[in-house]
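Q: My questions will all concern the structure given below.
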């Protein structure tokens, strides 16, 4: 089997580089947040840019959502807060498990996903 012109190796190299960059960015974010906290500010300045640090509340839902869903339904909020699961709907559309009147509203196009596997 040929090396496929080095494309797979280059793709792997860039994927690894991207992962390293993402990790470095996360470390820098933590350092910036810590520095802003030490300076008691929400703005830090560089040579050409400034970095604004804003805090927000992140909602963390219980792993088992049974009771939460029950309370939302009983409280009359289900219709307001429920939404379509596009991942599951998409899979059903691709498998043509959805009614034709829905199918005709949908456009399907071929896409590609690449995966790197050890040889």
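Read-outs: derived from the displayed coordinates by stated rules, not from any lab. Note that this is a predicted model, so its numbers are computed, not measured. Here the Cβ is made from the backbone with ideal geometry for all residues, glycine too, and neighbour counts use every protein chain on show.
Q: Once every DSSP H run of n ≥ 4 in the chain is given -39500 (n - 2.57) and the sum is divided by its residues, what mean residue ellipticity at 222 nm do you get, rounded to the nearest 500 deg cm²/dmol?
A: Roughly -15500 deg cm²/dmol at 222 nm, from the helical runs in the chain.
Q: A further question follows. Taking Rh as the Kirkwood radius computed over C-alpha pairs, what is the Stokes-Einstein D of the chain at 25 °C in a medium of viscosity 0.890 mPa s, expressed in µm² per second?
A: The Stokes-Einstein estimate is 118 µm²/s.
Q: Normalising by the residue count of the chain, find the relative contact order in percent from Cα pairs under 8 Å and 6+ residues apart.
A: 11
Q: Next question. At what distance in angstrom do the alpha carbon centres of region 75-119 and region 2-52 lie from each other?
A: Distance between centres, Cα-based: 32 Å.
Q: Next up: Can you sort 86, 56 from fewest to most other Cβ atoms within 10 Å of each residue's own Cβ?
A: Going from sparsest to densest Cβ surroundings: 56, 86.
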